[in-house]
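Right, one structure below, let's go through it.
The values are calculated or read from the model by the stated rules, or taken from the named source; none is laboratory data. Just so it is clear, the structure is predicted and the values come from calculations on it, not from any experiment. Here the Cβ positions follow ideal geometry from the backbone for every residue, glycine too, while neighbour counts run over all protein chains shown.
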Amino acid sequence: MKRQVICMIAEGSYPYVVGGVSSWIQQLIKGHPEKDFIILSILPSKSDEFKIKYEIPKNLIEIKTIYLSDVYSHKIDKKVFMKYTPQEIKLISNFIDMILSEDTAEALKILSDVEKSSVFDFTTSKFFWEKICNKYNKNYKDEEFNNFYWSYKSVFMFLMNVLQNEIPEADLYHAVSTGYAGVLGALAKLKHNKPYYLTEHGIYAREREEDILKSDWVKSEFKKIWIDYFYFLSKISYQYADKIISLFRYNNELQISLGARSDRTMVISNGIDVDLLSNIEKEKTKDFILGSVLRIVPIKDIKMMVKAFKVAKNEIPNLKLYLIGPYEEDLEYYEECVELVKDLKLSEEIIFTGRVDIRDYLGKIDIFLLSSISEGQPLSILEAMSARIPIITTDVGDCRDILTLYKEFGDAGIVVPPTSYSKMASAIISLYNNPERLKLLGERAYEIVNKYYRKEDFIRAYTKLYEEGWG
């Protein structure tokens, strides 16, 4: 009997980057041993840091990787010219203006055709030059043209490079974000006439907007180009996806507000192996231990957590903190965090574990911390809740609802504002001084995750969707 083949399209994650999205993909693949999977992975560049970080399941039959930076390695053949007809140029005109239209599907197929034009031919063509000049004269004529030109050109160089990669044949395509992954999912549907599903963990366009606004790699006057670009990619993803899945209610509402059709949207929460983690025995130690499972990257705001720890330690002498997770993704930020710990004279009390088996640490932890400035629905929180650990988290993503929505159980933790280390410190001290409440919050946490976030329910929901897409 033929096995269903599902091509999962991931950007900046599985199997090369450790994190919540990657763990989610691994869980989904392993949870469907009766199906075969292909991974189409999009990375910024070829690098030694991008090595496979996960044990590859037997039913993962192929991994294909696309590198955005390959756009700079294309050989220029001056004998090759852009071969678009006047009608085809007309069809891609709105696309270059980042306008979603009835011609978008044809534009995607035309731009992906390597026989029609290379990335270099297209972005140096008279047509593209005139489009850039018109946009500059209309919206940016008071700004430096050279910077505008390269900002706008880079946008389409990266996109066209992605579109011109071969897409493996599969029975269903499943992108785990919008952006480049989502556009490839749309293109796969159009080329192969197969269903395309989209699952967003966070809202990709919003996250890229935040990154760009804080960045220094693009001048402030041209940041709007990149922001508009990522929202345009999201609109394409929503337009062609047969199912648009979010992890929680608020993100579902955001997707609809950004252009997703409500009749195609649904919510499927994360799920974890509650039974495995709930059997972890609590270790008795002389220290009061805080813990966080995370990547050491700026979005997790580790510095805020370290400062909160410093304030709390003034009241709790036997306090310790385990920062559990990989640090290789952003070594510069990791070194900054280590330096902060040294400056605060906390090197004995704050331990960076690197990547480890979290089951070796959950039994030690009295309170689980999350200090992120942006999240979706963190698996790390759900895993800690399974082990009956109370939570203190910043008010990001679905964290508040996970801990406070289920009134039949009551609150399972404390929610504080992002970046407020003083509020997090106060919450730590409060729970330390109230052992009965600490235990109660842990028991409630387990009850919530046991009822609403079980792995079996998560797998069952996707099995149903995959079968619908194959039937």
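A few comments on the model shown:
Yes or no, residue by residue, for (1) crowded, with 21+ Cβ neighbours inside 10 Å; (2) at pLDDT 95 or above; (3) of a type in the set (Lys, Arg):
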{"position": "Lys131", "(1), (2), (3)": "no, no, yes"}
{"position": "Ser151", "(1), (2), (3)": "yes, no, no"}
{"position": "Ser154", "(1), (2), (3)": "no, no, no"}
{"position": "Val176", "(1), (2), (3)": "yes, yes, no"}
{"position": "Leu184", "(1), (2), (3)": "yes, yes, no"}
{"position": "Leu187", "(1), (2), (3)": "yes, yes, no"}
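- Options Ser374, Ser380; residue that is touching a residue at least 12 places away in the same chain (Cβ under 8 Å), under 17 Å from the mean Cα position of the chain (by Cα), assigned to a loop (DSSP other than H, G, I, E, B) and in the same structural domain as Tyr322 (by TED's automatic domain parsing): Ser374
- Any chance Ile289 is aliphatic (A, V, I, L, M) and at pLDDT below 95: no
- Matching residues in region 114-128 - criterion: being of a type outside the set (Ser, Thr, Tyr) and either in the same structural domain as Tyr229 (by TED's automatic domain parsing) or touching a helix residue (DSSP H, G or I) at 6+ places or on another chain (Cβ under 9 Å) (or both): Lys116, Val119, Phe120, Phe122, Phe127, Phe128
- Single residue of region 408-427 satisfying the filter (in a loop (DSSP other than H, G, I, E, B) and within 25 Å of the chain's Cα centre (by Cα)) that is surrounded by the fewest Cβ atoms within 10 Å (Cβ to Cβ): Pro417
- Checking Thr393 against (1) in a helix (DSSP H, G or I); (2) without any contact (Cβ under 8 Å) to a residue 40 or more places away in the chain; (3) not aromatic (Phe, Trp, Tyr), the condition it does not meet: (1)
- Residue in region 218-228 that is among the hydrophobic types (A, V, I, L, M, F, W, C) and closer than 26 Å to Ile459 by Cα present: no
- When residues of region 115-140 are limited to those that are of a type outside the set (D, E, K, R) and assigned to a loop (DSSP other than H, G, I, E, B), the one nearest to the chain's Cα centre (by Cα): Ser118
- Each residue in region 311-353 was checked for being touching a residue at least 60 places away in the same chain (Cβ under 8 Å), crowded, with 20+ Cβ neighbours inside 10 Å and in a helix (DSSP H, G or I), and 1 pass.
- In region 354-369, the residues that are in contact with a Leu (Cβ under 9 Å, 6 or more places away or on another chain) and surrounded by fewer than 18 Cβ atoms within 10 Å (Cβ to Cβ): Arg359
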